[in-house]
Amino acid sequence: MAFAHKSLLGIAQLSTEDILTILSVAETFYEISERRIKKVPTLRGKTVVNLFMEPSTRTRASFEIAEKRLSADGINLSPSSSSTKKGETLLDTARNLQAMHPDILVMRHRAAGAPHFLDRHIQAAIINAGDGAHEHPTQALLDAFTIRRQGMPFGRLNVAIIGDIAHSRVARSNILCLTRLGANVRVCGPRTMLQPGLEALGATVCHRLDDALDGVDVAMALRVQLERFGGEALLPNAREYARQFGLNRKRLEHMKPDGLVMHPGPINRGVEMDPEVADGERSVILEQVTSGVAVRMALLYLMAGGSPDSVVKES
Amino acid sequence: MAFAHKSLLGIAQLSTEDILTILSVAETFYEISERRIKKVPTLRGKTVVNLFMEPSTRTRASFEIAEKRLSADGINLSPSSSSTKKGETLLDTARNLQAMHPDILVMRHRAAGAPHFLDRHIQAAIINAGDGAHEHPTQALLDAFTIRRQGMPFGRLNVAIIGDIAHSRVARSNILCLTRLGANVRVCGPRTMLQPGLEALGATVCHRLDDALDGVDVAMALRVQLERFGGEALLPNAREYARQFGLNRKRLEHMKPDGLVMHPGPINRGVEMDPEVADGERSVILEQVTSGVAVRMALLYLMAGGSPDSVVKES
Amino acid sequence: MAFAHKSLLGIAQLSTEDILTILSVAETFYEISERRIKKVPTLRGKTVVNLFMEPSTRTRASFEIAEKRLSADGINLSPSSSSTKKGETLLDTARNLQAMHPDILVMRHRAAGAPHFLDRHIQAAIINAGDGAHEHPTQALLDAFTIRRQGMPFGRLNVAIIGDIAHSRVARSNILCLTRLGANVRVCGPRTMLQPGLEALGATVCHRLDDALDGVDVAMALRVQLERFGGEALLPNAREYARQFGLNRKRLEHMKPDGLVMHPGPINRGVEMDPEVADGERSVILEQVTSGVAVRMALLYLMAGGSPDSVVKES
């Protein structure tokens, strides 16, 4: 039986069961990246187009590696080489790609909802690799996967998400994903970076970092866009941000003793967290990156029509 | 027996039989892109260099997909990363590539004749993916392929090519290809966009769109370079262009009832044609894109030395 | 038995035996690029990241082709698409890449020592594809390979390296490599381009080109950065450089009768050498390019853990 959705547009569309299915399939793909021969023929002959209309290194590399380890044929299209320069609409670009019969379109776009729009018009499965400030579902899924691999049950989990909540697709997808899995989610950041309606999403708002961290299992710091600092900006400066919201060894004492530190990367060291926290024994930040490849392999597999019940992964 | 030409430089070099051979081989490759596993091992171990010295999304993506579906090893080199920045001549670039023993060089270059020049100096087969305002033979071949798949015999075909004929390599290659196949070709556009000598190429010149469309089987609109409008330019503005030369539902009534609308893309909607024409039941514009992959697979196959008589396409 | 080094950081780290092993393995890979099917499954399932933080066409293309001919999975990351734009440190970039479990990281970086620094922090093997003005070991190895294929024994070899010695990683790696192999190396160039300490590296300094060329087996011209000419620059102009240090037919008479002309490319024709020299019968410049693919295949093979004693290269 195939996965219940044609495309992965956002966490909002997924049931708890959907999420657990993805995590479970990702588990079976995880060990492929640890093999000597890191490749299975699972998606041989499938065409995946990576359409990144916003710059990306990590997410694109993670998808590319996932595609190659599954033996899919990946094609990269990026904004600088795109027809959008010539004034073509996104829909025309997508229809043209569709006419080349890709199986999956992995896309990142600055406009919220762009993947949802395309999904109504093309046959290929779409995987949303980030749409504006809306969703970044593969990040939330790899975060959940990382937490679960640390042996933490979601039902009793307390998570603090810290930073520029209002402008973060990572925050939004994580709030949706973690609450759906039964976790309690607190959000914390400067008042200018906390939009109204966070409670309706299922999160508890904290204004002081120590309150947010109190007894949590996971502290997830978001990347701060440094260009938001200064002048008429949302924050006076990076130093003040670090003083109020940066994670340091002392502040981690508020968390549970075995609590995890996470960050979607890339880190501004000394802003969102001290280097000794980023590289410390509680940090699972690099484990998140490793998980990303496994989760994206699982999603590519499911979007290509693979059955969650009988994952074939022999080389 | 191998194909009669080492390289595909332009339609001008091809006989009627050559063109029909290419279309026939493309037919056998067409269905591969409709399979569940869209890949055959035909060009395994062949190296194809995609040297695009002018920006391109569609044509490059089409070639890349064609290469991957044939299991060729494709390498992309584009102007931004090219040694031409360092002042190297095109010939030195090509000789250096040749020294890495590629089988095929797919190239786009702003200078007319660039592929012909290189072809005299390197061993690899060259496929011209557009040279200046000269030729774009793979586009003309995919257009002919699309027309033939619609069941239209070339011998009784009437085609109108509309737009900036003078600056269009698509127009030039299509005039050459369609007349060689026995079709009657009319060209139509602003006087500033019709160069002398079109009759010598085999085309009939029309100055009014309704005359050009009268009773034709195919209306092929060319992309207008919007930067050509305004000021000292060739045309007063896009609105005036659309009024005189844009395809709309009413004007299509001059065509044969089952006549086709074509465009090489990307479309300036509302300029070259109304959206209802672009997306209408007569439009085969997306079918052109699909055909492009099949035609390019055929050309890669033939340029790699494949026999037109015994295409191997089992996976 | 595996190769003695985890990474290839520079010639400085290699013993004579190491160099001879690499050349010997390269010999076995050389003929793969001359086959009809230019591909072996040797590195199937291995992930290679090509991290080029300085622009490169040839070296990157050479590595990419080497990777594909070995069936490795190559991922390209270049500065324009890199997270370093977002202020991420090189170490964080590398740690993140490492978390995706690549087998080999091929890297070019403007900073001398960057690959050595990363090598201490990540598990993947690193191949230095050029670090600042420090080393370019794969170039030196392919140069040695080219010389040896011409049947010249290193022990009696006299080589003149000509040009901007001070700013050239190619010169530095070649001096180290050729002297380690037992050759005598002379360097020659404008006084502003000869740094102190060249004798300590093992080279003899000549100020007149005719002295440098006198009786040598190999004349290796370096690429001159044209931006170094004029104004406050190191050289008055290109014409004066060509007059004093450019290779021409007359000057080659100082060399041994069967002496070779080499250049790492791209050539400034008429500056470093006359076209008739670049394209003449003594030039092995394009043979260097061909050798590059073989040497890089050998290095990728060895860095992936392949045994120098039993190279498997059946398709």
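The values are calculated or read from the model by the stated rules, or taken from the named source; none is laboratory data. Keep in mind the model is a prediction, meaning the values are calculated, not measured. Neighbour counts run over all protein chains shown; Cβ positions are idealised from the backbone, glycine included. Note: accessible area is taken over every heavy atom of the protein model, side chains too, but ligands, DNA and RNA are not part of it. Shrake-Rupley method; radii C 1.70, N 1.55, O 1.52, S 1.80 Å.
A few points about this structure:
- Note that the stretch A:151-283 presents 43 Å² accessible area per residue, ligands and nucleic acids not counted, probe 1.4 Å.
- Shown are B:ARG243, C:ARG180, whose ranking by accessible area with a 1.4 Å probe and every protein chain present, most to least, is B:ARG243, C:ARG180.
- Contact order, relative form, for the stretch A:89-205: 20 percent (alpha carbon pairs under 8 Å, 6 or more residues apart, mean separation divided by residue count).
- Long-range lysine pairs (8 or more apart or interchain), chain B, Cα under 16 Å: 8
- Cβ-Cβ FRET estimate between A:ARG156 and C:ARG44, R0 fixed at 35 Å, reported to 0.05: 0.20
- Value of relative contact order over chain C, rounded to a whole percent, pairs C-alpha under 8 Å and six or more apart: 23
- Rounded to the nearest whole Hz, the Karplus-based 3J(HN,Hα) values (6.51 cos²θ - 1.76 cosθ + 1.60, θ = phi - 60°) of the stretch C:260-274 follow the sequence 9, 10, 10, 6, x, x, x, 6, 8, 4, x, 10, 5, 7, 6, with x at glycine and proline.
- Fully extended contour minus Cα-Cα distance, from B:HIS207 to B:PHE117, at 0.36 nm per residue: 28.8 nm
- Chains B and C together bury roughly 2500 Å² of accessible area, counting both sides, with a 1.4 Å probe on protein heavy atoms only.
- Sorted from shortest to longest, the distances between the B:GLU240 label points of this copy and the other copies are 5.6, 5.6 nm, with each point 7 Å from Cα along the line through the beta carbon.
- Cα-based convex hull, chain A, per residue volume (Å³, whole number): 134
- Ordering of C:255-261, A:149-155 by burial proxy (mean other Cβ atoms within 10 Å per residue, highest first): C:255-261, A:149-155
- Residues in the stretch B:185-191 carry Karplus couplings, in order, of 10, 10, 10, 8, x, x, 4 Hz; the curve used is 6.51 cos²θ - 1.76 cosθ + 1.60 with θ = phi - 60°, and Gly or Pro positions show x.
- With its label point put 7 Å out from Cα toward Cβ, A:PRO41 sits 0.9, 0.9 nm from the same residue's point in the other copies, in order from shortest.
- Counted residue by residue at 0.36 nm each, then reduced by the alpha carbon distance between them, the extension gain from C:ARG35 to C:ARG110 reaches 23.4 nm.
- Each Cα pair under 8 Å and six or more residues apart adds its separation to the average, and for the stretch B:25-171 the resulting relative contact order is 19 percent.
- Between the amide H of B:ARG186 and those of B:VAL159, B:ALA160, B:ILE161, B:THR204, distances stay under 5 Å, these residues lying 5 or more places away or on another chain, with hydrogens modeled in the peptide plane.
- For chain B, the mean residue ellipticity at 222 nm estimated from helices alone is -10000 deg cm²/dmol, where every DSSP H run of n ≥ 4 contributes -39500 (n - 2.57) and the total is divided by all residues, rounded to the nearest 500.
- Å³ per residue enclosed by the Cα convex hull of the stretch C:1-155: 128
- Inverse mean reciprocal Cα-Cα distance (Kirkwood Rh) of the protein assembly as shown, Å: 30.3
- Rolled with a 1.4 Å probe across the full set of protein chains, the surface gives B:ARG223 an accessible area near 40 Å².
- Antiparallel bridges, percent of DSSP beta bridges restricted to the protein assembly as shown (to nearest 5): 5
- Label positions at A:ALA4 and B:GLU199, each projected 7 Å from the Cα along the C-beta direction, are separated by 7.1 nm.
- Distances, shortest first, from the label point of B:ASP279 to those at the same position in the other copies read 5.5, 5.5 nm; the point lies 7 Å along Cα to C-beta.
- Site pair A:LEU226 and C:ARG239 shows an inter-label distance of 4.7 nm when each label is modelled 7 Å from Cα along Cα→Cβ.
- Dipole size of the stretch A:151-283 about its Cα centre, with +1 on Lys/Arg Cβ and -1 on Asp/Glu Cβ: approximately 200 debye, rounded to the nearest 20.
- Of A:PHE245, A:ASN268, A:GLY189, farthest towards positive along the dipole that unit charges on Lys, Arg, Asp, Glu beta carbons give the stretch A:151-283: A:GLY189
- Viscosity 1.002 mPa s, 20 °C: Kirkwood-radius Stokes-Einstein D of the stretch C:151-283 over Cα pairs, µm²/s: 147
- Remark on chain C: C:CYS177 stand apart, with no other cysteine beta carbon under 4.7 Å.
- Axial C-alpha extent at least 24 Å, average Kyte-Doolittle at least 1.0 - helices from chain C (DSSP): C:285-303
- Shown is the FRET efficiency for B:LEU91 and A:LYS250, computed with R0 = 60 Å from the Cβ-Cβ distance and rounded to the nearest 0.05: 0.40.
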